[in-house]
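Take a look at the structure below.
The values are calculated or read from the model by the stated rules, or taken from the named source; none is laboratory data. Keep in mind the model is a prediction, meaning the values are calculated, not measured. FYI the Cβ positions are ideal-geometry reconstructions off the backbone, even for glycines, and counts take in every protein chain you see. We work out accessible area using only protein heavy atoms, side chains counted, and drop any ligands, DNA or RNA first. Shrake-Rupley method; radii C 1.70, N 1.55, O 1.52, S 1.80 Å.
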Amino acid sequence: MDVTVEEHKTQSRLSNSFSRGHSVMNRYTVQEKLGSGSFATAYLVTDAKDGGSLKVLKRISCGGLRPDSTLPSAREAKLLGSLRHPFIVQFFSSFLEKEDFCIITEYCEGGDLDCIIQQQKDKNRPFPEGHITEWFIQLLLGVNYLHERLVLHRDLKTKNIFLKNGTIKIGDFGVSRILSLPTDMATSFTGTPHYMSPETFSNSGYNSKSDIWSLGCILYEICCFQYAFEASNWIKLVSLIVEGPTPCLPSKYSAALNDILQRTLRKDPEERPSASEILTMPYIVDRAKVLSAWLEDVMGQDGQGSVSDDACRIAAAVKEKLHLDTLRAMHDIQEMDPRQRRRIRKDEPGETYRKKMKRAVERLYQENHKKLEQGKIVKMRQENAWVEEESTCTSADIRSYTSSEDDEESEEEEYFSSSILSLSTPLSEEHSSTLSAYQSCLRRFLDYSTNANEVGITDTISKDSQDMSVSTCNKEEIARLRQVCLELLGENGFWKVYDYLKREYFRQDSETEEFEEATLSEPQEIGLYPQHCHKVQQLIFLEERMEGQNLGMSCAWL
Ligand SMILES: Nc1ncnc2c1ncn2[C@@H]1O[C@H](COP(=O)(O)OP(=O)(O)OP(=O)(O)O)[C@@H](O)[C@H]1O
């Protein structure tokens with residue numbers, strides 16, 4: 001018996017809530033209910049098999065749905081589990097319990113972006129551009145990772161974007177896939193079509209550029225605290241999305257950021273840039289360089305987290321490294337007239353921003369030192385420190401330091417200070433490793449974008465992915481990709497890498513099934529040609545998907 005979306009929603013709501021202490025699979029203990037969405041109820045749980053770590057259990061009532069036809073195969077769950085990226089909520093496992101289908105994911109203590117935007121709106125305090133750009137870069141890196149692997153999110157919206165340790169995590173994978181509902185259809189039933197692209201209304205299909213449209217809507221919402229497209233009813237909203245004017249950012253934001261928004265919201269999907277194309281735009285590259293330099297300073301050149309778990313030691317270590325530079329930078333900048341400062345900023349954006357960041361670190365150190373002496377070091381905050389305005393390094397300090405003619409400058413300093421502030425308290429191992437992953441992610445992207453710009457290739461990998469992602473997976477495409485891999489790695493290298501990665505691929509989610517230990521040692525090609533290995537991974541993904549199609553499994557995956 002087929003069940004409509006509305007019936008299924010009703011069944012979901014009717015199912016009893018898990019109460020605190022409820023045990024699932026003798027492993028997960030419910031701590032609290034996080035909330036209910038259209039298809040699922042989310043609980044915060046502890047995982048007994050993982051040292052009592054906090055995770056999220058999403059419970060989807062199967063109701064009248066037939067598990068065999070509507071729930072994912074173990075293989076599809078494994079595909080979700082194989083996605084690992086610093087800006088994507090980790091999917092751990094899925095299982096059936098009685099009438100419920102459950103998925104276990106990473107917990108993001110910072111809450112969702114929708115709530116954070118609402119809090120900031122209530123304070124009537126727009127986000128500084130530096131902060132918005134950092135989030136946007138994280139989103140682009142996460143989405144690019146998905147698109148390179150031929151995965152479309154299909155439901156990007158502020159409610160599905162979370163914050164953890166101050167960084168973005170793209171979440172809510174799986175529910176629509178698991179229910180075998182194309183998300184654009186599910187979205188239209190749940191009453192939030194605000195992020196849907198024009199092509200999804202015209203039956204021309206959802207593709208990777210539809211995710212880009214949603215990113216544009218999210219960018220606008222972060223800047224303006226309102227939907228990019230809003231109307232009094234559904235029909236008007238659809239016509240606004242399909243043929244209405246593209247909204248602009250307020251003039252307080254740069255022309256470069258507005259230009260990116262305009263491009264992401266082009267009505268014709270083919271005219272929209274891909275995530276990797278946006279990532280190679282000069283404005284984004286400049287900002288990414290600044291972030292990378294900041295992370296390098298904080299984490300150490302080797303990316304191995306030189307951050308200690310003591311606020312004072314963090315600041316002291318950073319201070320030791322930066323002190324002289326900082327003083328020199330302060331002196332140099334104070335000596336300059338405003339015109340010279342502006343020119344410097346134009347000529348060397350990365351260098352100048354880095355100096356500002358160092359100045360902020362210096363002030364933070366002094367502030368922390370004072371507080372230490374007074375025995376007032378604040379406890380580590382779980383949430384983003386910048387959201388709460390009780391910062392120890394106040395924006396007022398920064399404003400009094402910077403000249404009044406430069407509001408933009410003071411805002412950026414505030415942004416750096418707030419980022420640094422989130423490190424000024426003891427860092428957990430997890431936070432440290434997130435920053436480390438963030439750093440290597442940025443480094444890889446910056447290396448790639450430099451090479452791409454130098455040889456005039458932007459986006460080869462992603463273009464291949466897009467071509468394939470719009471159609472269903474077919475044998476010719478797989479054969480073509482296999483041929484490319486063979487040419488890149490040579491026959492011998494290809495088979496070594498292929499066997500190794502395939503083995504790794506099946507080993508990744510061993511929670512539901514046991515896999516024999518891999519006896520293969522890592523071929524040297526893995527280290528020598530990481531970009532080629534990435535293509536082999538794409539090939540393995542596609543082959544798996546193809547096999548899934550042949551077996552008649554739901555292909556909501558793409
Ligand atoms: N990984 C997570 N970490 C922290 N909170 C989460 C996580 N996943 C979901 N939540 C929270 O749980 C609540 C319910 O989430 P859920 O995804 O089920 O619904 P929704 O996204 O609010 O709505 P819909 O599914 O209709 O889009 C939300 O408040 C959400 O912020």
In nm, what is the difference between 0.36 nm times the number of residues separating Asp259 and Val242 and their Cα-Cα distance?
4.2 nm
Can you list residues whose amide H is under 5 Å from Tyr107's amide H, if they're 5+ apart or on another chain and H is modeled 1.01 Å from N?
Val56
Using alpha-carbon positions, what is the distance between the centroids of the range 23-55 and the range 242-290, in Å?
38
Could you please put Ile235, Ile278 in sequence from largest to smallest accessible area, using a 1.4 Å probe?
Ile235, Ile278
Amide H partners (placed H, <5 Å) of Ile88, local residues excluded
Ile170
Counting only other residues whose beta carbon sits under 9 Å from that of Val89, what net charge do I get with K and R as +1, D and E as -1?
0
